[in-house]
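Have a look at the structure below before the remarks.
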Amino acid sequence: MRDSTTTVAELIKLVDDFVAERKWEPFHDAKNLSASIAIEAAELMEHFQWLRSDELDSVPRDAKTMSEVRDELADITAYLLSFANKMGIDVSSALEEKMRKNAVKYPADRFRGRFK
């Protein structure tokens, strides 16, 4: 699977099939899935917790750290897709709508190169 050729629907099916094979559906409610997203995000943050900004470029060159970062990102994505599916949220349309709102809230001509 590659980003350029895999649909969101295919990713959701991949995760749903994994959960179904283990009969984990009773545990995958909105509360548990949202907590799992936060927990996995915190685990991702641990890899960067004590790095200074000038040390961040070293992360992609460290194979062990990158493997762990990829795993945490995959965990976040799996829980995110499960949560969206459980809540009946179409990820693509939700993201598109939110980006439209962000474009109004943060017009490029006023926010280019700055965050405030």
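What follows draws every value from the coordinates through simple rules; no lab data is involved. Remember, predicted model here, so these are calculated numbers, not experimental data. Reconstructed Cβ throughout: ideal geometry from the backbone, glycine too, with neighbour counts over all protein chains shown.
Just rank 56, 81, 14, fewest to most, by other beta-carbon atoms within 10 angstrom. Display every interim value, and only then the final one.
Numbers: 56 10, 81 21, 14 13.
Lowest to highest Cβ neighbour count: 56, 14, 81.
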* To do: With label points built 7 Å along Cα→Cβ from the Cα atoms of residue 116 and residue 102, find their separation and express it in nm.
  => 2.1
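Which semi-axes, in whole Å and largest first, does the equivalent ellipsoid of the stretch 1-55 have when worked out from the alpha carbon gyration tensor as the square roots of 5 times its eigenvalues?
Values: eigenvalues 159, 73, 13 Å².
Semi-axes from the Cα gyration tensor: 28, 19, 8 Å.
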* To do: Project the alpha carbons of the stretch 8-111 onto their principal axes and report the range along each, largest first, in whole Å.
  => 45, 40, 24
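With contacts defined as alpha carbon pairs under 8 Å and 6 or more residues apart, what's the relative contact order of the stretch 8-111 in percent? Present the calculation step by step, with values, prior to reporting the outcome.
Details: 51 pairs, mean separation 41.7, N = 104.
For the stretch 8-111, the relative contact order is 40 percent.
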* Structure fact -> Here, residue 62 and residue 43, labelled 7 Å along Cα→Cβ, have an inter-label distance in nm of 1.8
* To do: Place +1 on the Cβ of every Lys and Arg and -1 on the Cβ of every Asp and Glu in the chain, take the dipole about the Cα centre, and give the residue among 15, 67, 82 whose Cα lies farthest towards its positive end.
  => 82
* **Total charge dipole magnitude, the chain, about the Cα centre, Cβ charges on Lys, Arg, Asp, Glu only, Debye to nearest 20** => 700
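Can you list the DSSP H helices in the chain whose Cα atoms extend at least 15 Å along the helix axis and whose mean Kyte-Doolittle hydropathy is 0.5 or higher? Please list the in-between numbers first.
Numbers: long enough: 8-21 (20 Å, 0.94); 30-46 (24 Å, 0.47); 63-87 (36 Å, -0.01); 91-105 (21 Å, -0.71).
Those that clear 15 Å and a mean of 0.5 are 8-21.
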* Please check which bits of the stretch 84-116 a label hung off residue 17 would reach, taking the label as a point 7 Å along Cα-to-C-beta and the cut-off as backbone N under 19 Å. => 85-86
* Computed label-point distance, nm, for sites residue 6 and residue 93 using a 7 Å Cα→Cβ extension -> 2.4
